[in-house]
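Visitor: This is the structure I want to talk about, given as structure tokens.
The values are calculated or read from the model by the stated rules, or taken from the named source; none is laboratory data. Note that the coordinates shown come from a computational prediction; the quantities given were computed from them, not determined experimentally. Glycine gets a Cβ as well: all are built from the backbone with ideal geometry, and neighbour counts include every protein chain shown. Heavy atoms of the whole protein, side chains included, go into the accessibility calculation; ligands, DNA and RNA do not. Shrake-Rupley method; radii C 1.70, N 1.55, O 1.52, S 1.80 Å.
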Amino acid sequence: MKKIALFPGSFDPFTKGHADIVERGSKLFDEVVIGIGENIKKKRFFSVDLMLDKINSYYKNNTKIRAVKYTGLTAKFAQEVNANFLLRGLRNTTDFEFENSVAQANRHVFDQLETVFIITSPNLAFISSSVVRELYNYNQNINSFLPFDL
Ligand code: ADP
């Protein structure tokens, strides 16, 4: 059976930290599906379709990595794409506290779903989408935080 991992997130925007997790994850799995969660209640800064385009063109030569968008429960979507694994990144204990409860909830929905964590590369640990948004909001160049230009 093919080992497929879903890497779910908001990716508002997709950063070098995310790319690091995806690329290191792709060495563990046959396929990594980057799932951009669309939540109508959450106002985004960078549109889902823009991120989808940027990520898919960035990985166009890598047959193991693709991005898709989804709505609804992450664990249900994992089943739709035949993923038995969820891939998440961990930067610090705050991430751990949050991820721990999310992983338990996801297993409650789909008990075959294992969440696999990859520890951030130290040089990328300080990057967060929220900080990138803040800088962008104040007209700072954010391209050094992203794997592609926006
Ligand atoms: P969410 O809204 O679900 O938290 P994000 O887009 O913020 O989605 O993050 C998706 C995943 O990427 C999470 O597992 C998060 O911990 C991880 N992540 C975010 N930034 C980094 C980084 N700099 N290094 C490693 N992992 C990261």
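Visitor: Looking at the chain, identify the longest residue range that excludes and avoids all trypsin sites (Lys or Arg not before Pro) in DSSP loops having at most 15 other Cβ atoms within 10 Å. Each step should come with its number before you reach the end.
Guide: Working: sites that count: LYS2, LYS3, LYS27, LYS41, LYS42, LYS43, LYS60.
Free of exposed loop sites, the longest segment is 61-150.
Visitor: Nearest 0.05, what FRET efficiency do LEU135 and LYS42 give at R0 = 30 Å with Cβ-Cβ as r? Intermediate results must be reported in sequence, preceding the final value.
Guide: Details: r = 20 Å, r/R0 = 0.66.
According to the calculation, E is roughly 0.90.
Visitor: Now for a different question. In terms of solvent-accessible area of protein heavy atoms at a 1.4 angstrom probe, what is the ranking of VAL48, VAL68, highest value first? Don't skip to the answer; put the middle values down first.
Guide: Values: VAL48 10, VAL68 30 Å².
Solvent-accessible surface, decreasing: VAL68, VAL48.
Visitor: Solvent-accessible area per residue for the chain at a 1.4 Å probe radius, Å²?
Guide: Each residue of the chain exposes 58 Å² on average to a 1.4 Å probe.
Visitor: Report for the chain the percent antiparallel among DSSP-assigned beta bridges with both residues inside it, nearest 5.
Guide: Numbers: 0 of 20 bridges.
The antiparallel fraction comes to roughly 0 percent.
Visitor: Could you please state, rounded to a whole Å, how far the C-alpha centre of region 113-150 is from the C-alpha centre of region 1-78?
Guide: Using only Cα atoms, the two centres lie 14 Å from each other.
Visitor: Label LEU73 and THR94 with points 7 Å out from Cα along Cα→Cβ: what is the distance between them in nm?
Guide: With each label placed 7 Å out from Cα toward Cβ, I get 2.9 nm.
Visitor: Continuing with this model, one more query. Using the structure shown, list the pairs from LYS2/LYS54; LYS2/LYS41; LYS27/LYS76; LYS3/LYS43 with a Cα-Cα distance above 31 Å, or answer none.
Guide: Details: LYS2/LYS54 26 Å; LYS2/LYS41 34 Å; LYS27/LYS76 24 Å; LYS3/LYS43 33 Å.
Beyond 31 Å between Cα atoms: LYS2/LYS41; LYS3/LYS43.
Visitor: While we're on this one: Determine how large the accessible area of THR93 is when every protein chain is in place; take a 1.4 Å probe and give Å² rounded to the nearest 10.
Guide: The accessible area of THR93 comes to roughly 110 Å².
Visitor: Please compute the contact order of the chain in relative form: average sequence separation of alpha-carbon pairs under 8 Å and at least six residues apart, divided by the residue count, as a percent.
Guide: 31 percent
Visitor: Separate question: In terms of solvent-accessible area of protein heavy atoms at a 1.4 angstrom probe, what is the ranking of MET1, MET51, highest value first?
Guide: Details: MET1 195, MET51 0 Å².
Of MET1, MET51, the descending order of accessible area is MET1, MET51.
Visitor: Place a +1 charge on the Cβ of each Lys and Arg in region 4-144 and a -1 charge on the Cβ of each Asp and Glu, then give the dipole magnitude about the Cα centre in debye, rounded to the nearest 20. Intermediate results must be reported in sequence, preceding the final value.
Guide: Details: 17 positive and 15 negative charges, 59 e Å.
My answer is approximately 280 debye.
Visitor: Oh, and also: In the chain, what percent of the accessible surface is made up of carbon and sulfur (1.4 Å probe, ligands and nucleic acids excluded)?
Guide: Working: 4430 of 8750 Å².
It is 51 percent, rounded to a whole number.
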